[in-house]
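J.: Structure below; questions to follow.
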Amino acid sequence: MKRTAGRGVVIDKGTPDFVAALLGTSFNAQDPGRRPDQIVQANDVEEVIGAVKRARDEGLTIGICSGGHSWAQNHIRDGGMLVDLSRLNSIAINAGQGTAVIGPGCLAGELNAALVKHKLFFPVAHAYTVGMGGFLLQGGFGWSSRACGVACQSVIGIDVVLADGTLVHASETKNAELLWAALGAGPGFFGIVVRFHLRLQPRPKFVGMKAQVFRIRHLEAVMAWADRAGPDVAPFVEFQLVFDRKAMGIFAHGIQVLAPVLASSWREARAAVDFINKSPIRKLASFTLPLLPVSLDMMMKGGERTLFLPNTRWTADSMWMNMPIDPLLPALRHIAHTQPASPSHALWLNWNGPAERPDMAFSLEARTYLALYGGLRGKTATPADESWATDHMHALQAHSVGIQLADENLGRRPMPFMAPANLKRLDALRSKFDPEGRFNPYMGRV
C-alpha cells in the first residue's frame with residue numbers, strides 16, 4: 001500500500017503499484033530482478049530527512065535515485081529502502097553572482113534551458129533526461145568538459161543528509177571532507193545530496209556540430225587517423241567516433257565522426273574542426289556534414305532520439321586507455337562485427353585531459369575512452385547480444401587503466417574507478433560518516 005504521514009509517499013513491496021514505481025525509476029528498461037522492501041518518493045528535503053531517520057530506526061539500508069540513468073541500475077538493490085529524489089528538481093539561478101542551486105532531480109536539459117535565458121553555461125550531461133544528482137556525483141563528463149573541467153569541479157557546495165538524518169552544508173571551508181568525497185564518489189557516496197551549489201560560466205557564443213560518416217569497412221583507417229589526430233584537437237571540440245548499424249546519412253553499419261564545438265566564435269570553431277576537412281582519409285567518407293550551428297538542446301534531444309532510446313534494455317561497460325590504438329584494431333573490428341542491432345553502439349572518445357585536477361575523489365582518467373552500449377529491443381536478442389559489452393571489455397581488460405563511473409558495470413565486472421589512495425581515503429570517510437553502513441556500497445564491493 002501507499003503511505004504518507006509527512007515522510008514522502010511510501011510504496012511497500014508486494015503492493016499493486018510497487019513494480020511499476022520501481023521500474024519507473026530506471027531509464028534502463030531491463031528488469032534486474034532485484035527488489036527493495038520499500039520505495040520512498042520524497043517531495044522535499046524534510047521528507048528525505050524523515051526517510052533516512054526511519055531507515056536508521058528500522059535498520060534499513062538505503063539506495064538513492066535522482067534521474068535513473070544508471071546503466072547498471074545501481075539504485076535498485078535487494079532489501080532496504082529506495083529513496084526516489086526525482087521530485088527534488090528545483091533550479092534557482094543567481095545570474096549576478098554566476099551561481100545556481102539545483103535539486104538532484106533536476107534534469108540536464110532543464111538546467112541548460114534555464115541557463116540559456118541568462119546567457120550562462122554549465123557542463124551538463126549530454127542527454128536531456130539525465131538527472132543532475134547522479135551525474136555530478138560520478139564526476140560529470142558533460143558538454144565542453146575537456147575545456148572547462150568535469151562538471152563536479154564546478155560544484156562549490158552541497159547540502160547533504162547524513163546517515164543519522166542530520167542535514168549539513170559542505171564547502172571548501174565547511175565540512176570540506178564531505179565535499180571532497182561528493183566530487184567523484186558516484187554511487188558509493190555515503191549521504192543524500194538534496195541541493196548542489198554550482199559555479200556557472202559565460203555561455204559560448206558559438207555552439208555547433210561537424211560530422212563525417214564512413215562505412216564500417218574503413219574502420220582501421222578511420223581509427224588510426226583519429227588516434228593520431230586526437231592529441232592536437234582543441235579542447236573545446238568533443239572529437240568522438242561512434243560505431244552504429246544505422247549510421248547517419250548512410251543508414252547502414254558505419255562510423256560516425258562527430259565533432260560538437262562550443263567556441264567563442266564561428267571563426268574559431270571552423271578553424272578547430274578543419275583537421276577533419278584536411279584529413280588523409282576524407283575521400284573515404286560516404287557522408288559529410290559541414291560545420292553548422294546547432295543548439296545544445298537539439299543535440300541533447302537528438303542523441304536520445306537516435307542512440308539512447310527509451311524502452312531499451314541496456315548493458316554498458318567502459319575502459320580508459322593510454323596506449324596507441326594500433327594493437328587494438330583487431331579487437332575493435334571484432335567489436336564491430338559482433339555489434340547487436342541499433343541502438344547498440346560503441347563510442348571512442350578523444351579525451352587527453354589536463355595533467356592535473358583539483359584534489360577530489362574523482363581521480364581516474366586517461367588518454368582515450370572506449371565505451372560499449374548494448375541496447376536491446378524486442379525479443380530477438382541472443383545471449384551473445386546480451387553480454388556483448390561486458391564480454392568485449394573483459395577481453396580488453398589488460399589494456400585498460402580503469403573505468404568511468406558514468407558507464408559503470410561494477411556488478412558484472414569490478415574494475416578500478418578511482419586512484420588507490422583516493423579510494424582508501426573515501427573508505428575511511430565512509431566509516432566515519434556512515435559507520436553502520438546505512439547507504440549501499442558500490443556494486444561488486446561489500
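J.: Just to verify a number: what accessible area does L292 come out at with the full protein assembly present, 1.4 Å probe, Å² rounded to tens?
T.: The value for L292 is about 70 Å².
J.: Something else now. With volume of the Cα convex hull per residue in Å³ defined as stated, name the option among [x] 165; [y] 133; [z] 151 computed from the structure displayed.
T.: The listed entry that was calculated here is [y].
J.: A further question follows. For the stretch 1-117, what does the accessible surface come to per residue with a 1.4 Å probe? Please give it in Å².
T.: 39
J.: Is the shape of the stretch 203-345 best called rounded, prolate or oblate, per the rule: a/c under 1.5 gives rounded, else a/b larger than b/c gives prolate, else oblate, with a ≥ b ≥ c the square roots of the Cα gyration tensor eigenvalues?
T.: Because a/c hits 1.5 or more and a/b fails to exceed b/c, the stretch 203-345 counts as oblate.
J.: Taking all protein chains as present, what is the carbon and sulfur share of the accessible area of the stretch 328-436, in % to the nearest whole number, probe 1.4 Å?
T.: 57
J.: Evaluated at 25 °C with a viscosity of 0.890 mPa s, what Stokes-Einstein diffusion coefficient in µm²/s does the stretch 1-128 have when Rh comes from the Kirkwood expression over alpha-carbon pairs?
T.: Translational D for this selection: 156 µm²/s.
J.: So for the stretch 66-118, what percent of the C-alpha to C-alpha distances run longer than 19 Å?
T.: Summing the P(r) of the stretch 66-118 above 19 Å gives 40 percent of all pairs.
J.: A follow-up question, please. Under a 1.4 Å probe, what is the accessible area of the stretch 244-402 per residue, stated in Å²?
T.: 45
J.: Could you sort R282, R305, R367, R54 by their accessible area in this structure, using a 1.4 Å probe and putting the largest first?
T.: Of R282, R305, R367, R54, the descending order of accessible area is R305, R282, R367, R54.
J.: Going 7 Å from the Cα of R217 toward and past its Cβ, which residues in the stretch 303-339 have a backbone nitrogen under 18 Å from where you end up?
T.: Answer for the stretch 303-339: 333-334, 336-338.
J.: To the nearest 0.05, what FRET efficiency results for D31 and D297 with a Förster distance of 25 Å applied to their C-beta separation?
T.: Computed FRET efficiency for D31 and D297: 0.20.
J.: Sticking with the crude label model, points 7 Å out along Cα→Cβ, report the distance from R199 to T15 in nm, one decimal please.
T.: Simple spin-label model gives 4.4 nm for this pair.
J.: Where Rh denotes the Kirkwood radius from the mean inverse Cα pair distance, what is Rg over Rh for the stretch 105-156?
T.: Reported Rg/Rh, Kirkwood definition of Rh: 0.93.
J.: Label point 7 Å out from T338 along Cα-to-Cβ: which residues of the stretch 394-426 have amide N under 15 Å?
T.: Correct set: 394-398.
J.: With charges only on Cβ, +1 for K and R and -1 for D and E, what is the dipole size of the stretch 255-344 about its Cα centre, in debye, rounded to 20?
T.: 280
J.: Oh, and also: On a C-alpha basis, how far is the centre of the stretch 389-446 from the centre of the stretch 194-259 in Å? Whole number, if you could?
T.: Answer, in whole Å: 27.
J.: Would you list which lysines come within 26 Å of K119, measuring only between C-alpha atoms, while excluding same-chain residues fewer than 8 positions from it?
T.: K205, K210, K301
J.: Which one, F417, N322, H334, is farthest towards the positive end of the dipole of the stretch 321-446 when Lys and Arg carry +1 and Asp and Glu -1 on their Cβ?
T.: After comparing all options, I get F417.
J.: Just the C-alpha atoms of the stretch 157-285: what Rg/Rh do they give, with Rh taken as the Kirkwood radius?
T.: 1.18
J.: Which angle between 0 and 90 degrees, to the nearest 10, do you get for helix 219-229 versus the longest principal axis of the chain when only C-alpha atoms count?
T.: 80
J.: Hey, could you pull the Cα Rg and Dmax for the stretch 250-295, both in Å?
T.: Cα only, the stretch 250-295: 11.9, 35 Å (Rg, Dmax).
J.: Here is a follow-up. For the chain, take the longest principal axis of its alpha carbons; what is the angle in degrees between that and the long axis of helix 420-433, to the nearest 10 within 0 to 90?
T.: The answer is roughly 20 degrees.
J.: Right, something else. Given the protein chains as shown and a 1.4 Å probe, how many square angstrom of D326 are accessible, to the nearest 10?
T.: 90
J.: Okay, moving on. Could you state the principal axis extents of the C-alpha atoms in the stretch 329-398, from the largest down, to the nearest angstrom?
T.: Principal axes ranked by extent give 47, 26, 19 Å for the Cα atoms.
J.: Rg (Å, one decimal) plus Dmax (Å, integer) for the alpha carbons of the stretch 389-446?
T.: Using the Cα atoms of the stretch 389-446, the pair Rg, Dmax is 13.2, 38 Å.
J.: Charges only on Cβ, +1 for Lys and Arg, -1 for Asp and Glu: so what's the dipole of the chain about the Cα centre, in debye to the nearest 20?
T.: 960
J.: Moving to a separate point now. Can you send over the carbon and sulfur percentage of the accessible area for the stretch 112-260, probe radius 1.4 Å, protein chains only?
T.: Within the stretch 112-260, the accessible surface is 56 percent carbon and sulfur.
J.: Here's a follow-up. What is the Cα convex hull volume of the stretch 4-47 when expressed per residue in Å³?
T.: 80
J.: In units of 2.2 N^0.38 Å, what is the alpha-carbon radius of gyration of the stretch 216-266?
T.: The value comes to 1.27.
J.: Over the stretch 25-77, what is the relative contact order in whole percent, taking alpha-carbon pairs under 8 Å and six or more residues apart?
T.: Relative contact order for the stretch 25-77 comes out at 63 percent.
J.: Nothing charged except the Cβ atoms of Lys and Arg (+1) and of Asp and Glu (-1): what's the magnitude of the dipole of the stretch 69-166 about its Cα centre? Round to the nearest 20 debye.
T.: Dipole about the Cα centre, nearest 20: 380 debye.
The values are calculated or read from the model by the stated rules, or taken from the named source; none is laboratory data. Note that the structure is predicted; figures quoted are calculated from it, not measured. Cβ atoms come from the backbone with ideal geometry, glycine included; neighbour counts cover every protein chain shown. Heavy atoms of the whole protein, side chains included, go into the accessibility calculation; ligands, DNA and RNA do not. Shrake-Rupley method; radii C 1.70, N 1.55, O 1.52, S 1.80 Å.
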